[in-house]
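Each value in this text was obtained by applying a stated rule to the coordinates, not by laboratory testing. Everything quoted here is computed from the prediction, not taken from an experiment. Cβ atoms come from the backbone with ideal geometry, glycine included; neighbour counts cover every protein chain shown.
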Amino acid sequence: MTQSRRLAATIAASTLVGGLSMGCCGFKQTYCCQQGDITPQPLGTISDQVWQKQEENAEASDFVVHEHEFVGNSVRLNQAGEEHVKQIAARAAQVPFPIIVEQSSMTADPNSKYKYPIHNDPELDLQRRALIVQALHTMGVADAEQRVVVSPALTPGFEEFEGERALSRGFGRGGMGGFGGFGGFGGGGLGGGFY
C-alpha cells in the first residue's frame with residue numbers, strides 16, 4: 001500500500017469515528033446524544049393535543065347567545081334564539097363553560113350628537129340576561145344564575161365587507177362555491193365543462 005493510500009484510509013477512518021462520536025451515540029439506539037429520545041411516535045401524538053384544545057375552545061362558543069338572536073333591540077328571542085337556548089339547556093350539564101349573553105350594540109345614545117344606534121345598553125343587557133336565566137331555570141339548568149354572564153362574544157362576527165367578500169369568494173368560482181362550474185360533478189362527459 002502506498003503512503004498516499006494509507007493517509008487517505010487514515011483520514012477516512014478518523015472522519016468516520018469522529019462523525020459517529022459527534023452524531024448519535026449508536027446505530028440501534030433510540031436516544032441521540034444531542035437530540036434526546038428519537039423513538040418514532042404514532043401519527044398525531046404531538047398534533048392531536050393541539051386540535052383537541054382548539055375543538056374545546058370552539059365548544060365554548062356554542063354557549064353564546066348572540067345579539068342577532070333577539071328581536072331587534074328588545075328582550076324577546078327570535079325563533080333561532082329560542083332553539084339555541086333549548087340546545088344550551090340540553091348540553092349545559094355536561095360542560096363547564098359560562099353561558100354568555102352578547103352585549104348589545106345597536107342602541108342610540110340620547111346624549112350623542114347624531115343619535116346613531118351604535119352604543120351598548122347595559123340595562124337592556126341585564127334584562128336579556130334575566131330572560132336567559134329564567135328560561136334556563138325553566139328547562140332544568142339549576143346553576144343558570146351563576147353561569148349566565150353578559151360579555152362580548154368569544155369570537156367576533158364578520159364585518160359587512162368581510163361577509164360580502166366571503167360570499168363573493170364562495171359563489172365567484174363558477175357559481176358553485178369553488179367546484180369549477182359543474183366540472184366537479186362530472187360535467188356530463190364534455191371535458192368537465194358545462195355547455
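Here are the numbers for the structure shown:
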read-out: Efficiency of FRET from Cβ geometry, LYS86 and ASN57, R₀ 25 Å, rounded to 0.05; value: 0.60
read-out: Tensor-based shape of the stretch 63-157 (alpha-carbon gyration tensor, a/c under 1.5 rounded, otherwise prolate or oblate); value: prolate
read-out: For ILE99, distant residues with modelled amide H under 5 Å away; value: VAL148, VAL149
read-out: Aspartates and glutamates whose Cα lies under 18 Å from that of LYS113, excluding same-chain neighbours fewer than 8 positions away; value: ASP121
